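The values are calculated or read from the model by the stated rules, or taken from the named source; none is laboratory data. Everything numeric in this text was worked out from a predicted model, so none of it was measured. Cβ sites come from the backbone with ideal geometry, for glycine too, and all protein chains shown count toward neighbours. To get the accessible areas, we keep the full protein, side chains included, count just its heavy atoms, and leave off ligands, DNA and RNA. Shrake-Rupley method; radii C 1.70, N 1.55, O 1.52, S 1.80 Å.
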Amino acid sequence: ECYRAMVQAGRIAFTTFHQSYGYEDFIQGLRPDEKAEGIKFIPVDGVFKRIADTAMRDTQNNYVIIIDEINRANISKVFGELITLLEDDKRWGEINQLSVILPSGEEFAIPNNLYIIGTMNSADKSISLIDTALRRRFEFVEVTPNYDVISDPVLKKVLIAINNGLVKELDSTDLLIGHAYFIGKTEVDLCNIMNRNIIPLLYEYFFDNSKKVKNLIEDAVKDLNYIVKVENTGRLKFVKKD
C-alpha cells in the first residue's frame, strides 16, 4: 500500500531491463512528433531521466528507481555517460558533483536524493555478467530464501532439505530455490509444486541428469509419505505413496 502510494506520487519508478532495452528508453531518445506537420523528431525523456529531473526539483524528498533484471540489458548501451554520474561523490549536491551534456544539448545530472535499486536472480548470472564499471558503483546485497514465510511445516521442511542438497551437490548458494513456490500453499499442493516447478528446475540445474534429480528429491522427502516414480516415457514424477 505504501509502495503504491509512492508510485502514484511519482517518487518511485519501476522498469525492467531486457536485451532490446536501450539508452533511448532509459535516458533520452528522438521520437516522431505526432503533432507536427510532416516528419519531425523531438527528444523524449526516458524513465530514468524523468524521475531524476523530478528529484532534482524536489530536494526535500527521496526518490527511488527500481531496475528489475538489471543484468539482462547491455549496460554500457543503456547507461551511457551515466556510468560516471552514478558515483556517490559525483551526484549533484555532493563535493565532486558533475553534469553531462546529452546528445540533445541538454545538461543532465543525477541528484543525491535519487536511489537506484537493481535486482537480479543469482541463478541467471550467466546470462550477462555485470559490467565491472557498474559493479563498482553498486553495493550488492544477497537475498536468501525466507523459510519463515512458509506456513505449512511439511513444505518448509521439504524446501530446506532440497536447498541443503543443492548446496552440497553444487558447492554454491547461487541456485537455491526460493520460497515463492510455497507461499500460501499446503501439503495438498506439494505434488503439483514438485512436478510443475521444482523438478523441471532441477533438470536444468543438473543438465537433464535424472539420477541426480531423483537422488536429491528422495533425500529431501525420505521421512515423508512420498516417492519419486521413474517414467520411461517422460520425466520423473513426484507422487504420494498408495
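Couple of notes before you dig in:
- Taken over the stretch 144-153, the criterion of being of a type in the set (A, V, I, L, M, F, W, C) and either touching a strand residue (DSSP E or B) at 6+ places or on another chain (Cβ under 7 Å) or surrounded by 14 or more Cβ atoms within 10 Å (Cβ to Cβ) (or both) is satisfied by I150 alone.
- Scanning the stretch 96-106 for residues that are without any contact (Cβ under 8 Å) to a residue 24 or more places away in the chain, within 18 Å of F26 (Cα to Cα) and open to solvent by 50 Å² or more (accessible area, probe 1.4 Å) returns I101, G105.
- Residue within the stretch 96-107 that is among the aliphatic types (A, V, I, L, M) and assigned to a strand (DSSP E or B) present: yes
- In the stretch 182-197, of all residues being part of a loop (DSSP other than H, G, I, E, B) and not β-branched (V, I, T), the one that is nearest to the chain's Cα centre (by Cα) corresponds to G184.
- Taken over the stretch 80-95, the criterion of being modelled with pLDDT of 90 or more, assigned to a helix (DSSP H, G or I) and either polar (S, T, N, Q) or surrounded by 14 or more Cβ atoms within 10 Å (Cβ to Cβ) (or both) is satisfied by L85, K90.
- Some residue of the stretch 21-38 being of a type in the set (S, T, N, Q) and closer than 15 Å to I116 by Cα: no
Residue-wise test of (1) among the charged types (D, E, K, R); (2) touching a Phe, Trp or Tyr at 6+ places or on another chain (Cβ under 9 Å); (3) touching a residue at least 24 places away in the same chain (Cβ under 8 Å).
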{"position": "A161", "(1), (2), (3)": "no, no, yes"}
{"position": "E204", "(1), (2), (3)": "yes, no, no"}
{"position": "V213", "(1), (2), (3)": "no, yes, no"}
{"position": "I217", "(1), (2), (3)": "no, yes, yes"}
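Conditions (1) at pLDDT below 90; (2) open to solvent by 40 Å² or more (accessible area, probe 1.4 Å); (3) more than 30 Å from K77 (Cβ to Cβ), marked per residue:
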| position | (1), (2), (3) |
| --- | --- |
| I127 | yes, yes, no |
| E142 | yes, yes, no |
| L155 | no, no, yes |
| N163 | no, no, yes |
| T173 | yes, yes, yes |
| K214 | no, yes, yes |
